[in-house]
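Asker: Before anything else, here's the structure in question.
The values are calculated or read from the model by the stated rules, or taken from the named source; none is laboratory data. What you see is a predicted model; the values in this text were computed from it and never measured. Neighbour counts run over all protein chains shown; Cβ positions are idealised from the backbone, glycine included.
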Amino acid sequence: MGESKPQISDAEWEVMEVVWARGPSTPAEIIDRVATGRGWNHRTVRTLLSRLIDKGALRREEDGPRSIYRAAVSRRSCVREEGRTFLNKVFGGDATSLIVHFAKDARIPPEDIERLKRMLDEKTAEDKS
């Protein structure tokens, strides 16, 4: 997959979640999954599909009379980019402030705290190497 990192809106993200979960999908399959419960009509979803193609997040392939949409970027790379954007926007790029904020304001189960400690220890060891 091409790993360019397009800026994806919240509505576009919902469409991408369907394609990432289902794999190659027809417009009807995407519309059925996304429009239900949101009050979106098929035109709204088709507009989002078109925008995602323009941004390089989706590819459209013709399969006889129907179109098939495939992810052109991985969910992982988009999550990474969204995380960077959030970190820079909200915390000025300071990862320590982000961690401190969530450590103080979120309920974190003890097993997750231990996991975070291990990750920080590994990161510290890597940085010393």
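Asker: Restricting attention to the range 56-70, which residues are surrounded by fewer than 13 Cβ atoms within 10 Å (Cβ to Cβ) and on the phi < 0 side of the Ramachandran plot?
Answerer: Passing the criteria: Glu61, Glu62, Asp63, Pro65, Arg66.
Asker: If you check Ile99 against the conditions, is it surrounded by 11 or more Cβ atoms within 10 Å (Cβ to Cβ), of a type in the set (A, V, I, L, M, F, W, C) and not assigned by TED's automatic domain parsing to the domain that holds Pro6?
Answerer: Considered against the rule, which asks whether it is surrounded by 11 or more Cβ atoms within 10 Å (Cβ to Cβ), of a type in the set (A, V, I, L, M, F, W, C) and not assigned by TED's automatic domain parsing to the domain that holds Pro6, Ile99 comes out as yes.
Asker: While we're here: Working only within the range 57-82, note down all residues that are assigned to a loop (DSSP other than H, G, I, E, B) and under 14 Å from the mean Cα position of the chain (by Cα).
Answerer: If the condition is that a residue be assigned to a loop (DSSP other than H, G, I, E, B) and under 14 Å from the mean Cα position of the chain (by Cα), then Ala57, Ala72, Val73, Ser74 are the ones that fit.
Asker: While we're here: Output the number of the condition that Val73 fails; it satisfies all remaining conditions of (1) surrounded by 11 or more Cβ atoms within 10 Å (Cβ to Cβ); (2) under 27 Å from Lys117 (Cβ atoms).
Answerer: Failed condition: (2).
Asker: Here are some conditions: (1) in contact with a helix residue (DSSP H, G or I) (Cβ under 9 Å, 6 or more places away or on another chain); (2) within 22 Å of Met119 (Cβ to Cβ). Asp105 meets all but one. Which one does it not meet?
Answerer: Condition (1) is where Asp105 drops out.
Asker: Right, next: Is there a residue being touching a residue at least 12 places away in the same chain (Cβ under 8 Å) and not in a helix (DSSP H, G or I) anywhere in the range 90-108?
Answerer: no
Asker: Let me ask something else about it. Given the structure, is Arg80 in contact with a Phe, Trp or Tyr (Cβ under 6 Å, 6 or more places away or on another chain), assigned by TED's automatic domain parsing to the domain that holds Glu17, within 30 Å of Gly23 (Cβ to Cβ) and surrounded by 13 or more Cβ atoms within 10 Å (Cβ to Cβ)?
Answerer: For Arg80, the condition - in contact with a Phe, Trp or Tyr (Cβ under 6 Å, 6 or more places away or on another chain), assigned by TED's automatic domain parsing to the domain that holds Glu17, within 30 Å of Gly23 (Cβ to Cβ) and surrounded by 13 or more Cβ atoms within 10 Å (Cβ to Cβ) - is not met.
Asker: Residues being touching a residue at least 60 places away in the same chain (Cβ under 8 Å) and loosely packed, with under 14 Cβ neighbours inside 10 Å: count how many of those fall in the range 1-55.
Answerer: 5
Asker: Quick check on the range 36-47. Is at least one of its residues assigned to a strand (DSSP E or B) and more than 27 Å from Lys89 (Cβ to Cβ)?
Answerer: no
Asker: Which of the following residues is of a type in the set (A, V, I, L, M) and under 14 Å from Lys5 (Cβ atoms): Ala95, Ala72, Ala21, Ala35?
Answerer: Ala72 is the lone residue from the list that is of a type in the set (A, V, I, L, M) and under 14 Å from Lys5 (Cβ atoms).
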